[in-house]
1. Starting from residues that are on the phi > 0 side of the Ramachandran plot and at pLDDT 95 or above, keep the ones in segment 45-78 and report whichever is surrounded by the fewest Cβ atoms within 10 Å (Cβ to Cβ).
2. Taking segment 205-225 only, how many residues are under 30 Å from Asp266 (Cα atoms) and surrounded by 15 or more Cβ atoms within 10 Å (Cβ to Cβ)?
3. May I ask you to verify whether Asp165 is more than 15 Å from the chain's Cα centre (by Cα), surrounded by 12 or more Cβ atoms within 10 Å (Cβ to Cβ), of a type in the set (D, E, K, R) and in a strand (DSSP E or B)?
4. For segment 291-314, give me the residue count where each residue is in a helix (DSSP H, G or I) and among the hydroxyl-bearing types (Ser, Thr, Tyr).
5. Mind checking which residues of segment 243-289 are polar (S, T, N, Q), buried (at least 20 other Cβ atoms within 10 Å of the Cβ) and more than 21 Å from Ser219 (Cα to Cα)?
6. Of the conditions (1) at pLDDT 95 or above; (2) under 19 Å from Asn288 (Cα atoms), Ser185 satisfies every one except a single condition; which number is it?
7. Take Val131 and decide whether it is surrounded by 15 or more Cβ atoms within 10 Å (Cβ to Cβ) and within 28 Å of Asp85 (Cα to Cα).
8. If we scan segment 296-309, do we find a residue that is over 22 Å from Gly174 (Cα atoms), surrounded by 14 or more Cβ atoms within 10 Å (Cβ to Cβ) and acidic (Asp, Glu)?
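The values are calculated or read from the model by the stated rules, or taken from the named source; none is laboratory data. All values reported here derive from a predicted model rather than from experimental measurement. As a convention, Cβ positions derive from the backbone with ideal geometry for all residues, glycine included, and neighbour counts pool all protein chains shown.
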Amino acid sequence: MKRIPILLIFLMLFIAPENVKANEMLLQFKNNLLARENKSEATEIKVILDAYPVSFSGPPMITNSTTLVQFRPVFERLGLQIRWDEQNQIIIGQKEGTQIQLQIGNPNANVNGKAVVLPVTPTIVNGNTFVPIRFISESVDAKVEWDEKSRTVIIESKRQFASKDGKFHFTAYGLWKNIADITKSVDTGQMDVFGAQLAIRYFNYTLLLIYSDPKTADSLKNLKLAEYLEHVKKGRNIAKKEIIEEKQTKLFGFDALQIKYMNGNDWDKRIDTLLAFESYSHFYTILNSSYEDTYKSSSKQFQEILDSMTFRES
């Protein structure tokens, strides 16, 4: 605890009308200092992996600006099979396409045969083995962020997705769930996902949907892309007053149209971003839908997904 300045104590004792009051003030001051220090000490480091907390028997710690955690809970949550060489004190974590090797007290690690210098060496504390969490997470291509305010390490694992027809492939991070077989409900943002080539939902109820429409369909014959977009608007009951933005763009080398609009069909307001483009034989729609309060982060996430997305029609 920090020492209470002598001058402050002196003033409190002699300025207060009564010594009793001064003593009460002094006691309150001490209690406030203790409360602040105890609060700081009680703010333990938390780890969230794919939206769920990771439990440890020994609390995470920070050494030289590097967060270290017990290796086993994180390895298991990241899908790594564990081998422990007691004699040489070597940890080996393995999953398809990845092998990580660390040694207690050794600043050099090995990932898929390549040497990596660790910021802090693995160590044993009270019988628990601690390793740098960022290194472990990034070794399996997971995303890692540090929230200073809440003292939380946020990890999102890497996942690969493909549409039913195999034309779209992309990478997404975090806890996404396939909702293609779920009927219209809160899980689907009150949207009908029937017929979608892809329908997935993030843990915060952001949705990503992909639709495909053959140009040979009676209702789509001879339509231009702009006319197809009007067809989509009508089918989704998107009124002109709900449209926030509409623009031309490019997607996979094709001309595309993009609209951003308010979606009031769910229990709370959503902001949807819809992309429409055409190939030689089909029209395609890619839709990202998020609640208004998560739109900013969802929009960034959607752009990252688009940047990773590939399209091949045949």
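1. Restricting attention to segment 45-78, the residues satisfying the condition of being on the phi > 0 side of the Ramachandran plot are 50-51, 64-65.
Then drop every residue that is not at pLDDT 95 or above, which leaves 50-51.
Numbers: Asp50: 18, Ala51: 12.
Looking at residues that are on the phi > 0 side of the Ramachandran plot and at pLDDT 95 or above, I get Ala51.
2. The qualifying residues number 11.
3. Values: more than 15 Å from the chain's Cα centre (by Cα): yes; surrounded by 12 or more Cβ atoms within 10 Å (Cβ to Cβ): yes; of a type in the set (D, E, K, R): yes; in a strand (DSSP E or B): no.
No, not satisfied.
4. Of the residues in segment 291-314, the ones in a helix (DSSP H, G or I) are 292-308.
Remaining after also requiring among the hydroxyl-bearing types (Ser, Thr, Tyr): 294-295, 297-299, 308.
Within segment 291-314, residues that are in a helix (DSSP H, G or I) and among the hydroxyl-bearing types (Ser, Thr, Tyr) number 6.
5. First pass over segment 243-289, keeping only residues polar (S, T, N, Q): 248-249, 258, 263, 265, 273, 279, 281, 285, 288-289.
Next, only the ones that are buried (at least 20 other Cβ atoms within 10 Å of the Cβ) stay: 263, 273, 285, 288-289.
Within segment 243-289, Asn263, Thr273, Asn288, Ser289 meet the criteria.
6. (1)
7. On the way: surrounded by 15 or more Cβ atoms within 10 Å (Cβ to Cβ): yes; within 28 Å of Asp85 (Cα to Cα): yes.
Yes: the conditions hold for Val131.
8. So in segment 296-309, the residues over 22 Å from Gly174 (Cα atoms) come out as none.
No; the residues of segment 296-309 include none that is over 22 Å from Gly174 (Cα atoms), surrounded by 14 or more Cβ atoms within 10 Å (Cβ to Cβ) and acidic (Asp, Glu).
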